[in-house]
Amino acid sequence: MKSIHQFTVTDTNGQAVSLAKYKGKVLLIVNTASECGFTPQLKEMEALYAEYKDKGVEVLAFPSNNFGGQEPLKGMEIQNFCELNYKSTFPIFEKSEVKGSNQSELFQFLSSKSENGKVNSTPKWNFHKYLVNQDGEVVDYYYSVTKPNSSKVKKAIDKLLAK
């Protein structure tokens with residue numbers, strides 16, 4: 001079975017980052033946008049990250065312009081927006097295509113049960129979330145309306161951390 005650890009992505013500085021560096025950690029992967037009605041979830045993503053980062057959880061943001069052109073920023077502009085407006089300290093990556101014919105390999109994997117073995121859910125809007133276990137396997141997903149620090153997400157994370 002493939003895992004997300006096989007992928008290399010690019011950060012907002014243009015540097016390649018192997019997702020293998022997150023082996024052994026629980027991940028919440030979120031497609032974000034700076035001009036979306038759900039953008040305030042960046043604050044909740046940071047709260048979740050602050051609460052769980054020392055317990056082995058990482059929150060990874062993948063900005064996307066796939067929905068309503070709501071991510072006009074690029075690279076470090078996105079990073080700066082998140083840091084200045086939401087005090088974000090979690091990793092933010094280069095803008096990605098999260099659906100459609102140019103969908104990134106990572107999001108093809110995250111959204112297709114034939115690829116990840118568990119979940120079939122392509123993002124329908126910004127702030128779609130994927131929960132990934134310590135082995136890099138997709139275990140669940142949450143629609144945009146589910147807040148990152150909701151009890152539903154936290155319970156699922158706690159369950160993975162207890163294993």
- Of all residues in segment 110-130, count the ones that are in contact (Cβ under 8 Å) with a residue 60 or more places away in the chain and surrounded by fewer than 21 Cβ atoms within 10 Å (Cβ to Cβ). 3
- For segment 11-22, does any single residue satisfy the condition of being in contact with a Leu (Cβ under 7 Å, 6 or more places away or on another chain) and among the hydroxyl-bearing types (S, T, Y)? no
- Any pair with Cβ under 8 angstrom, 6 or more apart, that starts in segment 144-163 at a residue that is at pLDDT 95 or above and ends at one that is of a type in the set (K, R): S144/K124; T146/K129; T146/K152; P148/K129; V153/K129; V153/K147; L161/K55
- Item | Residue list for segment 103-148, restricted to those being part of a loop (DSSP other than H, G, I, E, B) and of a type in the set (F, W, Y) | W125, F127, Y143
- Query: Has segment 25-43 got any residue that is surrounded by fewer than 23 Cβ atoms within 10 Å (Cβ to Cβ), part of a helix (DSSP H, G or I) and either under 13 Å from the mean Cα position of the chain (by Cα) or free of Cβ contacts under 8 Å to residues at least 12 places away in the same chain (or both)?
  - Reply: no
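Would you point out which residue out of E51, E58 is in contact (Cβ under 8 Å) with a residue 24 or more places away in the chain, farther than 11 Å from F127 by Cα, of a type in the set (D, E) and crowded, with 16+ Cβ neighbours inside 10 Å?
E58
Filter segment 74-84 down to the residues that are under 19 Å from F107 (Cβ atoms) and surrounded by 16 or more Cβ atoms within 10 Å (Cβ to Cβ), then identify the one that is nearest to the chain's Cα centre (by Cα). Quick ask: steps written out before the conclusion?
Applying the first criterion (under 19 Å from F107 (Cβ atoms)) to segment 74-84 yields 74-75, 78.
Restricting the remaining residues to those that are surrounded by 16 or more Cβ atoms within 10 Å (Cβ to Cβ) gives 75, 78.
Values: G75: 16, I78: 15 Å.
So the residue we want is I78.
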- Restricting segment 131-143 to residues that are touching a residue at least 40 places away in the same chain (Cβ under 8 Å) and closer than 16 Å to A61 by Cβ, which is surrounded by the fewest Cβ atoms within 10 Å (Cβ to Cβ)? L131
- Query: Across segment 51-102, what is the total count of residues that are part of a loop (DSSP other than H, G, I, E, B), among the charged types (D, E, K, R) and under 14 Å from T32 (Cα atoms)?
  - Reply: 6
- Message: Among the listed residues E83, E51, identify the single one that is under 21 Å from K25 (Cβ atoms) and not polar (S, T, N, Q).
- Response: E51
- Item | Where a residue in segment 78-93 is of a type in the set (S, T, N, Q) and its partner, wherever it lies, is at pLDDT 95 or above, with Cβ under 6 Å and at least six apart | Q79/I92; S88/L42; S88/E46; S88/C82
- Task: Mind listing whichever residues of segment 146-156 are within 15 Å of the chain's Cα centre (by Cα) and either loosely packed, with under 14 Cβ neighbours inside 10 Å or over 13 Å from A47 (Cβ atoms) (or both)?
- Result: T146
- What are the residues in segment 1-28 that are touching a helix residue (DSSP H, G or I) at 6+ places or on another chain (Cβ under 9 Å) and among the hydrophobic types (A, V, I, L, M, F, W, C), if any? M1, I4, F7, V9, L19, A20, V26, L27, L28
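The values are calculated or read from the model by the stated rules, or taken from the named source; none is laboratory data. Everything numeric in this text was worked out from a predicted model, so none of it was measured. Please note: Cβ atoms are built from the backbone with ideal geometry, for glycine as well, and neighbour counts cover all protein chains shown.
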